[in-house]
Amino acid sequence: MYNDEYDNLSFEEQLHLTEEQIRRRHNQQMFLRRNAQLLQQELELEAELLEENPELAQAVHAFNMHEILVQQQGSIQGDSTSKGQSVWSKFFPGLGRS
């Protein structure tokens, strides 16, 4: 991983830059690890919630099936406006489109 821009830097400057890159990479890995943990917790909580509430699970399934159908119809018709607002965003406006 040689980089021409390092040619004009002293050894100390290169070392400092390398340390910064290591710190940045470490911080990024810690962020990704924490994000993965939070997502795992969210999935476990969601699974528990759905398991304890069959009516909720049924409603979520119905919404998801409706969303899939709307998107498929939009794809078949080549119409992007039918995909404009998801079923979920009607109930949770903060979600927006993903």
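Read phi for every residue in the range 27-39 and hand back ³J(HN,Hα) as whole Hz from Karplus 6.51 cos²θ - 1.76 cosθ + 1.60, θ = phi - 60°, with x for Gly and Pro.
Coupling constants for the range 27-39: 4, 5, 5, 5, 4, 5, 5, 5, 4, 5, 4, 5, 5 Hz.
By the gyration tensor of its Cα atoms, with a ≥ b ≥ c the square roots of the eigenvalues, what is the shape of the range 8-93: rounded for a/c under 1.5, prolate for a/b over b/c, or oblate?
Oblate shape, in that a/c is at least 1.5 and b/c is the bigger or equal ratio.
Rule-based calculations on the coordinates, nothing more; no lab input. Quick caveat, the model's predicted, so the values are computed rather than measured.
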